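Report on the structure given below.
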Amino acid sequence: MKYTLASAIVFCATFASAFVPHAPSKAAFAPAVGSNALRMAEDGVFDQEQFIQETKDMRLKHLEEQAMYALKISCENYENAVFPNAMIAGDCVITHLLDRMGYLKDGKAKIMVVDTFHLFPETMEFLKEIEAHYGFKAEVFCADGVPVGDKEAYDKRYGADLWKENIDEYDRVCKVEPFQRGLKTLNTNCMINGRTRWQGIERAWIDMFENAPIGGGLAKCNPIAYWTLEDTFDYIAKYNVPHHPLHAKGYPSIGDAKDTIPIPEDGSTRFVDFKFEGDKTKWLDYAQERKGRFVGLVNKDGSTKSECGIHVTGAEKTWDRDLWEAGSAVKKIETTDEALEVKKSGKPSVVVVYAPWCQYSQQMEEEYENFAKEAGVDVFSFRGDEVRDFVTEEFNTKSFPTVNVVKADGTAVKYESEERTVDAFKKFVEETI
């Protein structure tokens with residue numbers, strides 16, 4: 001209240017002074033310009049490039065101050081400010097600002113990185129470089145149940161081609177879930193991120209501060225929300241900011257290697273030694289920064305993919321429980337040995353091989369539960385995402401969920417239909433046994 005009252009007094013005094021008669025001076029209407037530009041104007045010399053640079057410098061100075069104000073609010077007023085850093089150009093600017101303000105060294109801002117196991121090799125190497133340069137250690141998160149950096153373990157559990165089979169599940173498993181788990185693990189109450197209005201229509205109305213759609217109350221700070229991509233690279237050049245090496249190879253933005261390309265595709269536009277080569281407008285025009293991202297990927301409705309799911313409403317809905325838990329009519333197979341025993345039992349049964357993170361497995365949970373209550377044979381569930389080779393060989397599984405009728409002789413017969421209803425399952429059992 002003291003601050004508000006003091007502000008009001010100052011404002012009123014200033015407002016009142018506007019009505020005091022006085023002779024206006026030229027200075028009253030003169031904009032604040034740099035000394036070089038002013039001197040050139042007085043000398044009657046018009047140097048357009050100099051005037052442009054002066055105004056760009058003024059703009060960048062304002063944007064820096066604005067961004068640092070936002071970061072100060074985030075890091076001084078919240079105990080656990082976290083910056084998920086993708087190491088794109090804007091993120092490199094924010095990293096540099098956080099360092100300038102001392103928040104990386106005093107721990108008031110933590111850096112979090114999501115490794116999708118599909119990043120360019122240069123990306124994780126660049127992370128090591130900036131960790132050494134700024135003196136911080138990032139918290140790295142990846143797909144659930146997989147050790148950090150272990151691509152082989154990821155492939156074994158989720159499949160190397162998950163992104164080809166189901167891009168939505170890939171986004172959830174490799175991006176959204178580890179992102180949300182990271183924020184939760186770090187007890188985040190304010191998330192800092194590098195989205196800007198300049199990046200495209202999906203982000204055209206974001207503000208510097210938002211409530212994130214995560215847990216209902218998490219604050220979100222977008223310190224460079226009002227920057228253009230040109231502002232971003234101007235800042236990088238001004239301060240010699242460490243930035244991703246792929247900018248020098250024609251990439252305006254960097255995501256997964258599988259769906260990120262240079263713009264233009266011939267790599268003729270580059271950012272090398274802190275300056276542009278080629279036609280920089282190919283990067284700097286509105287919404288061009290992310291033009292080379294998500295190439296060839298489409299959403300379920302057939303529209304072009306432009307977001308991975310991290311920053312969209314509903315991204316907080318991660319899957320953190322198993323399916324057909326205790327008390328279910330569906331019997332649980334816990335190990336591969338138990339699965340083989342079911343096949344060798346001499347009794348007909350039904351086995352679904354599933355993954356708890358798979359949306360199609362989730363969608364059939366209730367119907368399969370109802371089927372188990374009416375089936376007349378033993379009905380089992382077996383989690384297969386951690387033993388893919390085994391379920392491929394023993395239970396005809398290439399994707400999740402896969403339902404098999406196990407005949408008395410141990411033969412597993414795959415249910416090929418996408419109709420996952422009680423009646424459809426019952427009919428298949430009757431026809432197969």
How long are the semi-axes of the equivalent ellipsoid of region 166-252, taking √(5λ) for every eigenvalue λ of the Cα gyration tensor, in whole Å from largest down? 26, 18, 14
Per 0.36 nm of contour for each residue apart, how much would the distance between Ser328 and Asp155 grow if the chain were fully extended, relative to their Cα-Cα spacing? 59.3 nm
Scalar couplings 3J(HN,Hα) for region 198-206 by Karplus 6.51 cos²θ - 1.76 cosθ + 1.60 (θ = phi - 60°), nearest whole Hz, x for Gly and Pro, are 5, 6, x, 4, 5, 10, 5, 10, 5
Just the number, please: carbon plus sulfur as a percent of the accessible area of region 42-91, 1.4 Å probe, no ligands or DNA/RNA counted. 51 percent
How much of the accessible area of region 182-241, in percent, comes from carbon and sulfur atoms when a 1.4 Å probe is used? 51 percent
Tell me, in nm to one decimal, what length is gained between Glu338 and Lys105 on full extension, where the rule is 0.36 nm per residue of separation less the Cα-Cα distance? 78.7 nm
Once the Cα gyration tensor of region 354-433 is diagonalised, what are the square roots of 5 times its eigenvalues, in whole Å and ordered largest first, as equivalent ellipsoid semi-axes? 19, 16, 10
Restricting things to Cα coordinates, could you compute the convex hull volume per residue of region 71-179 in Å³? 111 Å³
Going by average Cβ density within 10 Å per residue, which order do the peptides 291-297, 193-199, 234-240 take, highest to lowest? 193-199, 291-297, 234-240
Note: region 107-152 at 37 °C, 0.692 mPa s; Kirkwood Rh on alpha carbon pairs; Stokes-Einstein D in µm²/s works out to 284 µm²/s
Could you run the Karplus curve 6.51 cos²θ - 1.76 cosθ + 1.60 with θ = phi - 60° over region 112-128 and give me ³J(HN,Hα) per residue in whole Hz, x for Gly and Pro? 10, 10, 9, 9, 7, 6, 10, 6, 5, x, 5, 5, 6, 5, 5, 4, 4
Assign unit charges at the C-beta atoms only (+1 for Lys and Arg, -1 for Asp and Glu), then state the dipole size of region 124-259 relative to its Cα centre in Debye, rounded to the nearest 20. 240 debye
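The values are calculated or read from the model by the stated rules, or taken from the named source; none is laboratory data. Model, not experiment: these values are computed from the prediction. Reconstructed Cβ throughout: ideal geometry from the backbone, glycine too, with neighbour counts over all protein chains shown. To get the accessible areas, we keep the full protein, side chains included, count just its heavy atoms, and leave off ligands, DNA and RNA. Shrake-Rupley method; radii C 1.70, N 1.55, O 1.52, S 1.80 Å.
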